[in-house]
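Before any comments, here is the structure.
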């Protein structure tokens, strides 16, 4: 448009310059949309990183020397802050979800705070402290619920020893000492190890998996393998990763049903609709590594191994 009149002809240099400026905005939201709008895998642990990425890049464009780019970036940043009600008001569950990524842990959250509020600033330290307090609170709640569930599922003490014929050790002092008793006294004097699962998890080095080209890190499988080591954190991770950070999946489901129930075949039963929708999803599913086929024997072996590890862990807790 020139002076209110539609111009005919190929794009001018001014048009190409406007497209080039628009590309700087679109690339930010395009990459974040690919991450957040994924509906076939968990993505709650990636959401906060994308929020910080958008905020940082828009802030950089606001400080641009180009006046047109600066105006557009300022308008977008204003809408961004209005949508999130300020970057500090973001639900901290999204931040905690990033901590449960073994490749990032607390280092990634600390980096985001430093980028947003500068290194060693009051705001950065306050955010880091609040996230740590919320992590410990959630961990204590999950641990309490897990211990209550374990105690309710255990049989009464008299039923555990029923049918056994064990001789109890004589604990009276007859002038000799037992090393196990001495060790218990030593532990009682020094106190128990105050490190909980969260301390152990955060102090260990972050994971740096070496994956094949085109294969993504499976965070659910990682927590499934380390469930015995971090039982409470694994329960928390399961709840956090179940968060739906986008409505794309539900909207896509309604759109799919609308395309199937068209006017020319509106008499399909609910069972047939379900069959058609599931078949379409299976046909469009991406198989990352086609050569890795899990047989029924392998699945059964995995189930038996997990069951055996769980029984050993429960027996060890009872002995302790």
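Regarding residue 32, is this residue surrounded by fewer than 18 Cβ atoms within 10 Å (Cβ to Cβ) and under 20 Å from the mean Cα position of the chain (by Cα)? Spelling it out, it is not the case that residue 32 is surrounded by fewer than 18 Cβ atoms within 10 Å (Cβ to Cβ) and under 20 Å from the mean Cα position of the chain (by Cα).
When region 266-297 is filtered for residues that are modelled with pLDDT of 70 or more and surrounded by 10 or more Cβ atoms within 10 Å (Cβ to Cβ), the ones remaining, listed by number, are 268, 272, 273, 274, 275, 276, 277, 278, 279, 280, 281.
Take the conditions (1) assigned to a loop (DSSP other than H, G, I, E, B); (2) exposed (fewer than 13 other Cβ atoms within 10 Å of the Cβ); (3) over 25 Å from the mean Cα position of the chain (by Cα); (4) modelled with pLDDT of 75 or more; residue 210 misses just one of them, which is (3). For residue 232, indicate whether it is in contact with a helix residue (DSSP H, G or I) (Cβ under 6 Å, 6 or more places away or on another chain), at pLDDT below 85 and within 30 Å of residue 135 (Cβ to Cβ). No: the conditions fail for residue 232. Residues of region 223-247 that are outside any helix (DSSP H, G or I) and within 26 Å of residue 311 (Cα to Cα): 226, 227, 228, 229, 230. Taking the numbered list (1) at pLDDT 75 or above; (2) part of a helix (DSSP H, G or I); (3) surrounded by 12 or more Cβ atoms within 10 Å (Cβ to Cβ) in turn, residue 304 passes all entries but (3). Elements of the type helices (runs of 4 or more DSSP H) sitting completely within region 75-179 and holding at least 1 residues that are surrounded by 11 or more Cβ atoms within 10 Å (Cβ to Cβ) and modelled with pLDDT of 85 or more: these cover 92-99, 105-117, 122-153.
Determine whether region 21-28 contains at least one residue that is surrounded by 13 or more Cβ atoms within 10 Å (Cβ to Cβ), part of a loop (DSSP other than H, G, I, E, B) and either in contact with a strand residue (DSSP E or B) (Cβ under 6 Å, 6 or more places away or on another chain) or modelled with pLDDT under 85 (or both). Give the derivation first.
Initially, region 21-28 is screened for residues surrounded by 13 or more Cβ atoms within 10 Å (Cβ to Cβ), giving 21, 24-25, 28.
Of the ones still in play, those that are also part of a loop (DSSP other than H, G, I, E, B) are none.
The answer is no, given that none of the residues of region 21-28 is surrounded by 13 or more Cβ atoms within 10 Å (Cβ to Cβ), part of a loop (DSSP other than H, G, I, E, B) and either in contact with a strand residue (DSSP E or B) (Cβ under 6 Å, 6 or more places away or on another chain) or modelled with pLDDT under 85 (or both).
Across region 208-233, the number of residues qualifying as in contact (Cβ under 8 Å) with a residue 12 or more places away in the chain and over 27 Å from residue 138 (Cα atoms) comes to 5.
Checked against (1) assigned to a helix (DSSP H, G or I); (2) at pLDDT 85 or above, residue 65 passes all but a single condition, namely (1).
Could you grab me the full set of residues in region 248-265 that are part of a loop (DSSP other than H, G, I, E, B) and either modelled with pLDDT under 75 or surrounded by 11 or more Cβ atoms within 10 Å (Cβ to Cβ) (or both)? Quick ask: steps written out before the conclusion?
Initially, region 248-265 is screened for residues part of a loop (DSSP other than H, G, I, E, B), giving 261-262.
261, the sole residue that qualifies.
Yes or no: residue 52 more than 28 Å from residue 199 (Cβ to Cβ) and either in a helix (DSSP H, G or I) or in contact with a strand residue (DSSP E or B) (Cβ under 6 Å, 6 or more places away or on another chain) (or both)?
Values: more than 28 Å from residue 199 (Cβ to Cβ): no; either in a helix (DSSP H, G or I) or in contact with a strand residue (DSSP E or B) (Cβ under 6 Å, 6 or more places away or on another chain) (or both): yes.
Answer is no for this residue.
Determine if region 3-19 includes at least one residue that is loosely packed, with under 13 Cβ neighbours inside 10 Å, under 26 Å from the mean Cα position of the chain (by Cα) and not in a helix (DSSP H, G or I). Looking for residues that are loosely packed, with under 13 Cβ neighbours inside 10 Å, under 26 Å from the mean Cα position of the chain (by Cα) and not in a helix (DSSP H, G or I), one finds none in region 3-19, hence no.
The values are calculated or read from the model by the stated rules, or taken from the named source; none is laboratory data. Note that the coordinates shown come from a computational prediction; the quantities given were computed from them, not determined experimentally. Note that we place each Cβ from the backbone using ideal geometry, even for glycine, and neighbour counts take in every protein chain shown.
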